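The values are calculated or read from the model by the stated rules, or taken from the named source; none is laboratory data. Here the structure is a predicted model, which is why all the values come from computation and not from measurement. Every residue, glycine among them, receives a Cβ derived from its backbone with ideal geometry; neighbour counts consider all protein chains shown. Please note that ligands, DNA and RNA were not included when accessible areas were found on the heavy atoms of the full protein model with its side chains. Shrake-Rupley method; radii C 1.70, N 1.55, O 1.52, S 1.80 Å.
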Amino acid sequence: MKRPSIGSADNNFALLRLAAASLVLVSHGFLLTGRDDPVLGVGLETLGDLAVTGFFAISGFLVARSWCRDARLGPYVARRALRIVPALWVVVLVSAYGLGPLLTTLPVQDYLASGATHAYVAGNAVFHTTLYLPGVFDGNPHGSVNGSLWTLPMEVEAYLAVAAIGLLGAFRRPRFVVGLWALLLLLDAPLGPGHHPLIARFVSTTLAEHSVDRLATFFGAALLYVLRDRDLVRGRVLAPLALLWVAALGTPLEHLAGAVTIPYAVVFLAYRGPAVVRRLAPRTDVSYGIYLYGWPVEQAIRSLAGHGLRPLPMIALAAPATYLLALASWRFVEAPALRLRNRTSALRASPQPART
């Protein structure tokens, strides 16, 4: 069977997104019951951190493809906004005005009148991550309402970076993307310039926390899209990269090795994995919904079940509830937004009749 070409629609990205979202839910099942993550101690990151890194690799490849296929700023911004904003706003509103009044330790009137409640909605609606609602989950090991939202500002930074360098024509100049990726790796390297006080202060004031790690992963995958015609994605390259990353686990070089290996592994699995795997791809993309709803669902279960709840029962209870909410998010929020996105792009791409 002929292998799919890199960049084609014949890929395993949907399944990879679902796997990453599920791993995040599993990891949080340990964290939110006060237990150690299953892989913590093997390396410097948790299972959830690794899954998020995989998300950024997937996003980097697909967002670069999106820009290269239609390099117009307006449609690009519309595509990105309609993909992530509607579902985000819904989960924020549901958390603040649905879940919050049910579980807050405050009188409901006081909770609804609190400035902190409205600040939670206003902040998260514009990607200024706000984690706490008054009196909600105060007795849990972690009091944040939705800790998953902290990665979204980094995602937006990556989208803006793609637009900025795309407008400069960088995606038609592979060397420019190589240079950007190399700069991010250099900033992330132990003892590299990113650790100089002045540069570190600049990075910390202009980028979200841990953005350099994620941006390096994002643009590593974007680079693989830019170089898609050069047949670089091969098993004989992945194997030594994987060994390098495993050897670096638990050392200061772990993040750097991951920023090189994980994008390559993600694209390899998307296009060079077994063909039979593509038949398992879900017809509905519930990965974003699982990511958005998993944390508040697990927090609610932990709040209601009490201190004795262990990770595996937590995950078993949270998984079906989260899936149902994610499915509702897809059918009633995300899919309609994507249809609107597609119609908007089609209208903008079609020639306009001359006015007389």
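A few remarks follow.
- Residue-normalised accessible area of segment 63-184, given per residue in Å² at a 1.4 Å probe: 45 Å²
- Among Leu103, Val90, Gly29 - extreme Cα towards positive end, dipole of segment 29-165, charges at beta-carbon: Val90
- Karplus 3J(HN,Hα) series, Hz, for segment 53-66 with 6.51 cos²θ - 1.76 cosθ + 1.60 (x for Gly, Pro): 4, x, 4, 5, 5, 4, 4, x, 5, 6, 6, 4, 4, 4
- Residue-by-residue Karplus 3J(HN,Hα) for segment 170-183, coefficients 6.51, -1.76, 1.60, Hz, glycine and proline x: 5, 6, 9, 10, x, 4, 5, 5, 4, x, 4, 5, 4, 5
- Listed candidates (1) 21.6; (2) 20.9; (3) 22.3 - label of the one calculated as Kirkwood radius over Cα pairs in Å: (1)
- Overall, the anisotropy analysis places segment 1-40 in the prolate class: the square-rooted eigenvalues a ≥ b ≥ c of its C-alpha gyration tensor yield a/c not less than 1.5, with a/b exceeding b/c.
- Exposed loop sites are taken as trypsin sites (Lys or Arg not before Pro) in a DSSP loop (any state but H, G, I, E or B) with at most 11 other beta carbon atoms within 10 Å; the longest stretch of the chain without one runs 3-233.
- In this Cβ point-charge picture (+1 for Lys and Arg, -1 for Asp and Glu), the chain has a dipole of about 1880 debye about its Cα centre.
- Gained length - Arg35 relative to His118, 0.36 nm times residue gap less alpha-carbon distance: 26.7 nm
- Restricting the calculation to alpha carbons of segment 31-180 gives Rg and Dmax of 19.1, 59 angstrom.
- Placing pseudo-labels 7 Å out from each Cα toward the beta carbon at Arg69 and Leu304 gives an inter-label distance of 4.0 nm.
- Compared with the direct C-alpha span, the chain from Leu249 to Val276 gains 6.6 nm at full extension, assuming 0.36 nm per residue.
- Net charge over other residues, Cβ less than 13 angstrom from the Cβ of Leu224 (K, R count +1; D, E count -1): +3
- Global geometry of segment 233-331, whether rounded, prolate or oblate, following the gyration tensor of its Cα atoms and the 1.5 cut on a/c: oblate
- Surface share of carbon and sulfur [accessible, 1.4 angstrom probe, percent] for the chain: 66 percent
- Segment 39-116 shape via C-alpha gyration tensor axes, a/c threshold 1.5: oblate
- Net length gained if the chain between Ala316 and Arg339 were fully extended (0.36 nm per residue, minus Cα distance): 5.0 nm
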